[in-house]
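Here's the structure, in structure tokens; my notes come after.
The values are calculated or read from the model by the stated rules, or taken from the named source; none is laboratory data. Keep in mind that what you see is a predicted model, and the values were worked out from it rather than measured. Methodologically, a virtual Cβ is constructed for each residue, glycine included, from the backbone with ideal geometry; neighbour enumeration extends over all protein chains shown.
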Amino acid sequence: MTISSIVGNKAKKLFTLAFIRRDNQVLLGLKKRGFGVGKWNGFGGKLNPNETLIDAAQRELEEECGLRSDHLAKMGVLYFEFEDNPVLMEVHVFQTSDFTGEVKESEEMKPQWYDLRDVPFSRMWPDDVFWWPYLLEERKFTGYFKYKDQETIVDYVIEETAAL
Ligand SMILES: Nc1nc2c([nH]c(=O)n2[C@H]2C[C@H](O)[C@@H](COP(=O)(O)OP(=O)(O)OP(=O)(O)O)O2)c(=O)[nH]1
């Protein structure tokens with residue numbers, strides 16, 4: 001099954017997710033509240049009304065870790081389906097090493113630089129280990145993950161994508 005045939009006609013809600021790279025490191029944030037609390041992740045969230053994806057990605061990045069970037073590159077799209085929710089999450093993943101500002105802890109996230117060899121997958125969403133290799137190699141990807149609960153993936157598909 002292709003991802004577009006799985007997700008095509010289902011209702012979706014948009015989210016952003018941005019990763020900041022520096023040399024052989026990535027900036028992750030420990031989520032301090034809400035959905036995904038206690039997990040390390042990139043920075044992002046829901047779109048505000050009338051906001052574009054890129055505007056939301058920039059705003060959430062600055063709100064959550066204090067950094068700004070006009071150079072977020074779209075790397076992937078992830079679809080998450082939870083068994084008890086008819087609305088899929090559609091998460092647009094961005095990455096850059098071109099940023100300004102100082103890293104700052106926020107109410108939502110505690111940021112920390114990680115060496116790329118020490119990315120803490122056991123304390124991240126369980127799907128991340130499947131698509132991080134694409135992100136690291138700068139290969140664009142689309143992913144679909146069906147979750148039974150927040151720790152259990154029951155089905156998934158990943159496709160390398162030429163254009164997003
Ligand atoms: N790496 C990864 N990120 C995920 C997964 N699922 C998921 O929602 N995310 C990301 C997408 C968003 O960046 C973030 C969820 O958004 P959020 O609930 O924090 O949104 P928000 O900042 O607008 O929240 P709030 O202010 O209303 O509390 O988590 C996943 O499985 N893996």
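Put simply, of Asn50, Asn85 the only residue that is in a loop (DSSP other than H, G, I, E, B), on the phi > 0 side of the Ramachandran plot and polar (S, T, N, Q) is Asn50. Looking across the stretch 86-115, not a single residue is among the small types (Gly, Ala, Ser) and within 15 Å of the chain's Cα centre (by Cα). When Asn24, Asn9 are checked against the criterion of being touching a residue at least 60 places away in the same chain (Cβ under 8 Å) and more than 16 Å from the chain's Cα centre (by Cα), Asn24 stands alone in meeting it. Scanning the stretch 157-164 finds no residues that are closer than 25 Å to Val37 by Cβ and either of a type outside the set (D, E, K, R) or modelled with pLDDT of 95 or more (or both).
Residue-by-condition table, conditions (1) free of Cβ contacts under 8 Å to residues at least 12 places away in the same chain; (2) farther than 16 Å from Gly38 by Cβ; (3) in contact with a helix residue (DSSP H, G or I) (Cβ under 8 Å, 6 or more places away or on another chain); (4) surrounded by fewer than 18 Cβ atoms within 10 Å (Cβ to Cβ):
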residue: Val91; (1), (2), (3), (4): no, yes, no, no
residue: Thr96; (1), (2), (3), (4): no, yes, no, no
residue: Pro111; (1), (2), (3), (4): no, no, yes, no
residue: Arg123; (1), (2), (3), (4): no, no, no, yes
residue: Pro126; (1), (2), (3), (4): no, no, no, yes
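Say we look at the stretch 30-52 and pick out the residues that are surrounded by 17 or more Cβ atoms within 10 Å (Cβ to Cβ) and touching a Leu at 6+ places or on another chain (Cβ under 8 Å); which of these is nearest to Gly101 (Cα to Cα)? Only one residue fits best here, namely Phe43. If you check Gly44, Gly76, Gly34, which single one turns out to be farther than 15 Å from Gln150 by Cα, small (Gly, Ala, Ser) and near the ligand (Cβ under 10 Å from one of its atoms)? None of the others qualify; the one that does is Gly44. Might you let me know whether the stretch 1-15 holds any residue that is farther than 18 Å from Phe82 by Cβ, surrounded by fewer than 16 Cβ atoms within 10 Å (Cβ to Cβ) and of a type in the set (A, V, I, L, M)? Yes, some residue in the stretch 1-15 is farther than 18 Å from Phe82 by Cβ, surrounded by fewer than 16 Cβ atoms within 10 Å (Cβ to Cβ) and of a type in the set (A, V, I, L, M). Residues that are under 21 Å from Tyr114 (Cα atoms) and within 13 Å of the ligand (Cβ to nearest atom) within the stretch 59-71 comprise Glu60, Leu61, Glu62, Glu63, Glu64, Cys65, listed in sequence order. In the set Gly29, Gly66, Gly44, only one residue is within 11 Å of the chain's Cα centre (by Cα) and in contact (Cβ under 8 Å) with a residue 12 or more places away in the chain; that residue is Gly44. Right, Ala18: free of Cβ contacts under 8 Å to residues at least 60 places away in the same chain and under 11 Å from the mean Cα position of the chain (by Cα) or not? Answer is no for this residue.
Of the set (1) more than 13 Å from the ligand (Cβ to nearest atom); (2) surrounded by fewer than 22 Cβ atoms within 10 Å (Cβ to Cβ), all apply to Ile20 but (2).
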